[in-house]
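Chemist: The structure's right below; bear with me while I get my questions together.
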Amino acid sequence: MSRSVPMIATCGAFAAHSFGATLTCRLTTTSRFLSTAIAIGVEQRYQATRRTLQDLTNNVTSVTAKRKWLKLELALVLAEATGRRLGAIRQLRWDDIDLSGKTIRWRAEADKKGKEWLVPIPPELCEELRSFHLRMGGVFGGLVFPSQTDVTRSVSRHVFGHWLRDAEKKAKLPKLDGSLWHAYRRGWATSRKSLPLVDVAAAGGWSDTSTLLKCYQQADNATLLQVMSHSKTINECAQVG
C-alpha cells in the first residue's frame, strides 16, 4: 500500500454578507486522522466492519442483540451505498423504499434544508434491502430503525454512534478522530468525482454543489495520478487554444 500522504481539502469560514450569515465548514484533519486514512481507506473500513457485524449477528443468541447488529449493518450499507447523512438514514420508513420502482424517498423532515428527494437505486441495493427486510421482520410502513425501547421512535444518532464505535473496536480498527459516520459521506462523494456534480449532489442530498465541492470531495492519489499522467503539454494546449 502506498504510504504517501493524500491531500485533504480544508474548508475555512466564508461569509454570506447579503444574508448577514456566516457558513463555517470545518473539515480540518488531525495528524492521527491522516495516519489512519493512509493505513486503511473507507472501503476497507466498511468491509472489515461489515464482516464483524455479520459474525456478531450469527453468533449471538439474544434476539435483542441480533436485531441491534442487523440494524447497524443495514445503516452501514445505506451510508456506504447512498452517501446520505445518518440523520436521514435513521429516520427512514419501509414505505420510503420502493423495491419495485427501485427508488428511495428521503423525507423533507429528515433533511437539513427541509427538502424531499426521490432517488433511484441500483438493483444490487434493492436486493440487499429486500434481504434485510425479511431478516429484520419489518412491517412496510413502519420505521426501518425503530428504537429498542419505543418502536414509534427511531434509534438516536448517539446510540448509532456508540454501536458503530463498538463494532469498529471489535473489528480492531483504529479510531478516526473527528469522524465516524461522516467518513462514509465524504468517501462516497470523493469516489464520484468523475461524475456530473449536479447529479452527485442530488443523489447524496446536497442542495447546493458548492458545499459538496468545497467540503466533501477531496483530492486522492488515484485522481492526482490521472492529472499528473495527462499527456497534453502546455505548448499543445496553447496551440489548441
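The values are calculated or read from the model by the stated rules, or taken from the named source; none is laboratory data. Since the structure is predicted, the reported quantities are computational estimates derived from the model, not experimental observations. A quick note on method: Cβ atoms are made from the backbone with ideal geometry, for glycine too, and the neighbour counts reach across all protein chains shown.
Chemist: Of all residues in segment 191-212 being closer than 20 Å to Ala108 by Cβ and assigned to a loop (DSSP other than H, G, I, E, B), which is modelled with the lowest pLDDT?
Modeler: Checked segment 191-212; the qualifying residue modelled with the lowest pLDDT is Asp208.
Chemist: Going through segment 87-109 one residue at a time, which ones are among the hydrophobic types (A, V, I, L, M, F, W, C) and either closer than 23 Å to Leu164 by Cα or not in a loop (DSSP other than H, G, I, E, B) (or both)?
Modeler: Residues of segment 87-109 among the hydrophobic types (A, V, I, L, M, F, W, C): 88-89, 92, 94, 97, 99, 104, 106, 108.
Residues satisfying the conditions are Ala88, Ile89, Leu92, Trp94, Ile97, Ile104, Trp106, Ala108.
Chemist: Could you pull out the residue among Arg157, Arg165, Arg130 that is within 29 Å of Asp208 (Cα to Cα), charged (D, E, K, R) and surrounded by 12 or more Cβ atoms within 10 Å (Cβ to Cβ)?
Modeler: Values: Arg165 fails: within 29 Å of Asp208 (Cα to Cα); Arg130 fails: within 29 Å of Asp208 (Cα to Cα).
Residue meeting the stated conditions: Arg157.
Chemist: Within segment 59-69, is even one residue touching a Phe, Trp or Tyr at 6+ places or on another chain (Cβ under 8 Å), under 25 Å from Pro174 (Cβ atoms) and either surrounded by fewer than 14 Cβ atoms within 10 Å (Cβ to Cβ) or not hydrophobic (A, V, I, L, M, F, W, C) (or both)?
Modeler: Scanning segment 59-69, I find at least one residue that is touching a Phe, Trp or Tyr at 6+ places or on another chain (Cβ under 8 Å), under 25 Å from Pro174 (Cβ atoms) and either surrounded by fewer than 14 Cβ atoms within 10 Å (Cβ to Cβ) or not hydrophobic (A, V, I, L, M, F, W, C) (or both), so the answer is yes.
Chemist: Taking Arg26 and the conditions (1) part of a helix (DSSP H, G or I); (2) basic (Lys, Arg); (3) at pLDDT below 95; (4) closer than 28 Å to Ala203 by Cα, which numbered condition does it fall short on, given that it satisfies the others?
Modeler: Looking at each condition in turn, Arg26 falls short on (1).
Chemist: Sort out which residues of segment 110-132 are basic (Lys, Arg) and not in a loop (DSSP other than H, G, I, E, B), and write them in order of number.
Modeler: Residue satisfying the conditions is Arg130 alone.
Chemist: Restricting to segment 133-148, count the residues that are in a loop (DSSP other than H, G, I, E, B) and at pLDDT 90 or above. Let's see the steps before the verdict.
Modeler: Step one: filter segment 133-148 for residues in a loop (DSSP other than H, G, I, E, B), giving 137-139, 141, 144-145, 147-148.
Okay, now just the ones that are also at pLDDT 90 or above, so 144-145, 147.
Of the residues in segment 133-148, 3 are in a loop (DSSP other than H, G, I, E, B) and at pLDDT 90 or above.
Conditions tested, residue by residue: (1) β-branched (Val, Ile, Thr); (2) under 29 Å from Trp94 (Cβ atoms); (3) modelled with pLDDT of 75 or more.
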position	(1), (2), (3)
Asp150	no, yes, yes
Arg153	no, yes, yes
Val159	yes, yes, yes
Trp163	no, yes, yes
Met228	no, no, yes
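Chemist: Taking the condition within 23 Å of Arg185 (Cα to Cα), surrounded by 20 or more Cβ atoms within 10 Å (Cβ to Cβ), hydrophobic (A, V, I, L, M, F, W, C) and free of Cβ contacts under 8 Å to residues at least 24 places away in the same chain, does Leu72 pass?
Modeler: Details: within 23 Å of Arg185 (Cα to Cα): yes; surrounded by 20 or more Cβ atoms within 10 Å (Cβ to Cβ): yes; hydrophobic (A, V, I, L, M, F, W, C): yes; free of Cβ contacts under 8 Å to residues at least 24 places away in the same chain: no.
Here the answer is no, as Leu72 does not meet what is asked.
Chemist: Okay, moving on. Going by what's in this entry, would Lys193 be described as over 17 Å from Ala48 (Cα atoms), more than 16 Å from the chain's Cα centre (by Cα) and either of a type in the set (S, T, N, Q) or surrounded by 15 or more Cβ atoms within 10 Å (Cβ to Cβ) (or both)?
Modeler: Values: over 17 Å from Ala48 (Cα atoms): yes; more than 16 Å from the chain's Cα centre (by Cα): no; either of a type in the set (S, T, N, Q) or surrounded by 15 or more Cβ atoms within 10 Å (Cβ to Cβ) (or both): yes.
So Lys193 does not fit the description; no.
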